[in-house]
Structures are given as structure tokens and as C-alpha cells.
Amino acid sequence: MANDSPLLKVPSEIWLRVFRAYIKEAQQFFNWRDSPFPPFTLSAVCQDWREIALANSIVWGRILVVLPDVYEEDKEEDSQFVRRFRRYIDQVELWIKRAGDRLLSITLTSQDPVFSFGFGCRAAKLVPQLLVKHASRIKDLDLTMSTDWYDILNGVEFANLQTLRLGIVEVTQQDNECEIFVDFPNPVSASPLDLTGCPKLSVTEFDGGFDHTNIVLPWSQITDISLRYLIPSDCAQVFDRLPNLKRCALGLALCLESDDSADLDGTEEVGRREGPLIEHLELDEMLPGTSEIVLKSLPLSLKHLLLGSVLGGSGDHRFLLDTIPAYGETLSSLTIRNTFQDYDAIYDLLPKLPGLTSVEIIIPGGLEDRFAKLLTKPGILPHLKSLKVMDSGPTRMGDEALLELLRRRMMGESGCDKLETISLRLPQSLRKAPLARETVKELRSMLERGLYISIHDCSNTSGTANFILRD
């Protein structure tokens, strides 16, 4: 910087906040071509920035790298692809060194891990070898890998590992091709990967069922798990193996189209399990029969439930809602995302769940006055504090119905709690009429009195946000 630059007066702690904000955003929306190593970019701007970056290990604690492709046929060490790959590994090593004694959060993937990355070549195996070298310092690990690395990672102790996310490319590959010939229940052709030496591990996410991936974890420690590309029978294994599970997110293989294997225990009658006492459950990309049996079999301990899209067509899946009122005494948060095509099922369900404090609905059916009038009735969702609705259908809710809903909920009339947040994403181009000027005026008055209101035009296709009203 120039000697007379006002930037020289900016305290180092302010620059550090700027650095952390930049790195967080760069890693969230990273483009490996533009800036594969954000902390290195910062430290190369000028001497002052370099000194700040090198003096603060917190700048280097989260490592996210998209590795360049290296190919199975790259046997020669002087191959241009191998040389470039080794430079990336060297940079990651330096990144780890500059993190000092901090525990590390590491995310490693490649440009095209499924179809072109040569996991079996010598250069690629530098990645798991690096992880083994620094295993004791890794707190969070997000790794795209192949079964070619199982033997290197097998039995390694990760003493401080708390969160583990694994993408096994053989599973992903099979999912992409399953419509042709892949049989999902068959396990990957590799010896088991034993990762039981992780005494602090509690959160995990990976693709495929337990038998399919051949991964062994300290199951009794796991309290949070996310699994994709399952077959229905895998769901029962989740609940059998994880006795202390509190949060669970499940999704089936996208190629499944029928409920032939949906009965998890092979019978029509499903009894409730004694455990695990799950509090947060997400069912997305599921067959309706599988979701029904999961909801019928779990203990009545759910506090948060998300139902996502349903596989196998757009039939009438409202029978799923018959399984939810059983959780009425514990359920406080409900999210419905494209599970149904209209609001009729929602009208029947909400009055049966008096304990809800948060409701989020994404349905293409067209919001109407009936929805607003339901929420103004005494005794309906008396504890509701947050309401979010995203609707891509023709909006038929009039201004007066919306305002009456907000007036009553904001004042806490009829014995209900005061509404704190309402977010509507509606296609204004499909409304029978735009919001009137007086309506907007009253809504702004409610904003000033403390109600958070966000009304967003989701029919806007320009690629930019178009807020009609926002706090």
C-alpha cells in the first residue's frame, strides 16, 4: 500500500474480519479456476495483508480444495497432469502447516470424480495418505473418494473427528446408470472400511446403505446421519444400528419407481419401535409407502419433520398425512416441500397439530383465502410463530384475507401466540390483482411494530431478487 493510504490506518483485527468473510464466501461459491486457494490469494496481495494472514491461524483452519483431474493411465511422474496434481497436494500441505495447531475442517473433491478422476493411480493416493498423516488434527472431513482408497484409510484413528461426509463414487456411478442394469442391493466390491477409531464422531453423511458401501462406523455414537441413494429396506437398518440417533435425513435412489419393497418388515402391520428417539426427521425423494412405514414405526418423539418430494409420479399421497397427527404432542416444526399438489390435505392436517410453532409449505397448488381463514380460527395452531409459504400456482388469496390473518396473529387474538415471522414467495404475475397501495401501507406498519414480513415475487425470471415487501 502507498505510504499515505488511509487503508494503513485500518486495524489488523478489522482486516482479519474482512479476510474471514471473504474466505467464507469464496468457499461457499468457490470457482476452482479463479481462486483455488483463497487464503493464499489474500496473503499475496501486499506485505501488510501477508503478515496479518500468516499471524492468524484462523485464516487457514478451513481447507476446501477442488483437485485437478489425474488419470489412471498417468503412470509417469513427469506427466503434466501428475505434476499439476502434486502442486495442489503441496499447497494443501502448506495450508495445513499455516493453520498451526488448530483442528482442521477439510473438504476435498475433484473436478469430475465420477467419470474421469483416476482414484487408483499413484498420484491420486497422495490424498488419503495426506489425511492419514494429519488424522489427529481433522475435526470435520468432507471427502469424495473411491473404494480404491479403502485400504489406506482402513483402521486409521481420527481422534478429533466430529463430522464425516463421504461421497463414494461407485455408488454415485451406479445411481447414474441404474436404469440400465445396476442392482442396488449389491455391495461395492471392496473389503470393509473400518472407521470405528473415531471417539468423537457424531455427525455423518454418505451415499448408499450400510451393506452397499461396506463402511463401518462407531454406530452407537452417531446422533446425526444423512443418507442418499438408499433402497427401502436400508431404512430399517438405520434405526437398528443407531440407537442414539436424534437427527435423520433419508433419500432413496432416484431410479426407484414402485413400492414393491416398501414394507420394511415384510408385513402390512407395523408396530412402533422403542428407539431410537429421533427428534428431527427429513424424508426426501422417498417412495410414499416407505415414508408411511417409517412414520408408523418410529417412537412418538419427533419435534421437527420435513416431507419432501415423492418418487414414482404425482399421485394422491395424502394418506401420508394420516401418519403425522400421532406426533401431535411433540411436533413443533413441520415442513412440506412438493409432497402434494394442492392444499386440501394441508387444511385437514394443520388443525390436528396444535403444538406447531413453525410451518413451511412449498406446494404448486395455488394459495387462496381458505388458507388464511383457517389460520384465523380460534384454536388452530395457537403457538405458531413462524410461517413460510412458497407457491408456484395461481395465487387467489386476496389482500383482506392476508391482512386479517396478520392482524389477528400479530395481536395474539383468540388465545394464540403472536406471529413473529411470515415469508411468502408467490408468483405475483399469477395473482388475481397486485397488492393494493393501502395493503402495502398497512404491511409496512406491521413491520414497524416488530413483525418480520417478506413477500417475494417468485415468478420473476430475470435472475435477480424482486422483493415486493421486505423488512
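The values are calculated or read from the model by the stated rules, or taken from the named source; none is laboratory data. In this text the structure is predicted, and so the values were computed from the model without any measurement. Every residue, glycine among them, receives a Cβ derived from its backbone with ideal geometry; neighbour counts consider all protein chains shown. Side chains are part of the model used for accessible areas, which takes the heavy atoms of the whole protein and leaves out ligands, DNA and RNA. Shrake-Rupley method; radii C 1.70, N 1.55, O 1.52, S 1.80 Å.
Remarks
- Single condition Leu245 does not satisfy, out of (1) in contact with a Pro (Cβ under 7 Å, 6 or more places away or on another chain); (2) modelled with pLDDT of 80 or more; (3) surrounded by fewer than 20 Cβ atoms within 10 Å (Cβ to Cβ): (3)
- Qualifying positions in region 210-252 - in a loop (DSSP other than H, G, I, E, B), farther than 20 Å from Ser309 by Cα and not charged (D, E, K, R): Asn214, Leu217, Pro218, Ile222, Thr223, Leu242, Pro243, Asn244, Leu245
- Condition met for Ala53 (at pLDDT below 85 and either surrounded by 14 or more Cβ atoms within 10 Å (Cβ to Cβ) or in a helix (DSSP H, G or I) (or both)): no
- Answer residue from region 272-290, given it is over 19 Å from the mean Cα position of the chain (by Cα) and either in a loop (DSSP other than H, G, I, E, B) or modelled with pLDDT of 90 or more (or both) and is nearest to Pro325 (Cα to Cα) among those: Arg272
- Against the numbered list (1) open to solvent by 30 Å² or more (accessible area, probe 1.4 Å); (2) modelled with pLDDT of 95 or more; (3) touching a Phe, Trp or Tyr at 6+ places or on another chain (Cβ under 7 Å), Arg98 comes up short only at (2).
- Test: residue in region 296-315 that is buried (at least 20 other Cβ atoms within 10 Å of the Cβ) and over 24 Å from the mean Cα position of the chain (by Cα): no
- Leu406 open to solvent by 10 Å² or more (accessible area, probe 1.4 Å) and either at pLDDT below 80 or out of contact with any Cys (no Cβ under 8 Å at 6 or more places or on another chain) (or both): no
- Out of Val66, Val10, Val18, sole residue that is among the β-branched types (Val, Ile, Thr) and at pLDDT below 80: Val10
- Residues that are among the charged types (D, E, K, R), within 20 Å of Asp284 (Cα to Cα) and open to solvent by 60 Å² or more (accessible area, probe 1.4 Å), drawn from region 326-358: Arg337
Residue-by-condition table, conditions (1) open to solvent by 60 Å² or more (accessible area, probe 1.4 Å); (2) modelled with pLDDT of 90 or more; (3) out of contact with any strand residue (DSSP E or B) (no Cβ under 6 Å at 6 or more places or on another chain):
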| site | (1), (2), (3) |
| --- | --- |
| Gly365 | no, no, yes |
| Pro382 | no, yes, yes |
| Ala433 | no, no, yes |
| Arg437 | yes, no, yes |
| Ser459 | no, no, yes |
| Thr464 | yes, no, yes |
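Okay, residues lined up against (1) in contact with a strand residue (DSSP E or B) (Cβ under 6 Å, 6 or more places away or on another chain); (2) charged (D, E, K, R); (3) modelled with pLDDT of 80 or more:
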residue: Phe30; (1), (2), (3): no, no, no
residue: Arg33; (1), (2), (3): no, yes, no
residue: Pro39; (1), (2), (3): no, no, yes
residue: Trp60; (1), (2), (3): no, no, yes
residue: Glu72; (1), (2), (3): no, yes, no
residue: Arg86; (1), (2), (3): no, yes, yes
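- Among the residues of region 135-148, those that are open to solvent by 20 Å² or more (accessible area, probe 1.4 Å), within 17 Å of Gly197 (Cβ to Cβ) and touching a strand residue (DSSP E or B) at 6+ places or on another chain (Cβ under 7 Å) comprise Arg137, Lys139, Asp140.
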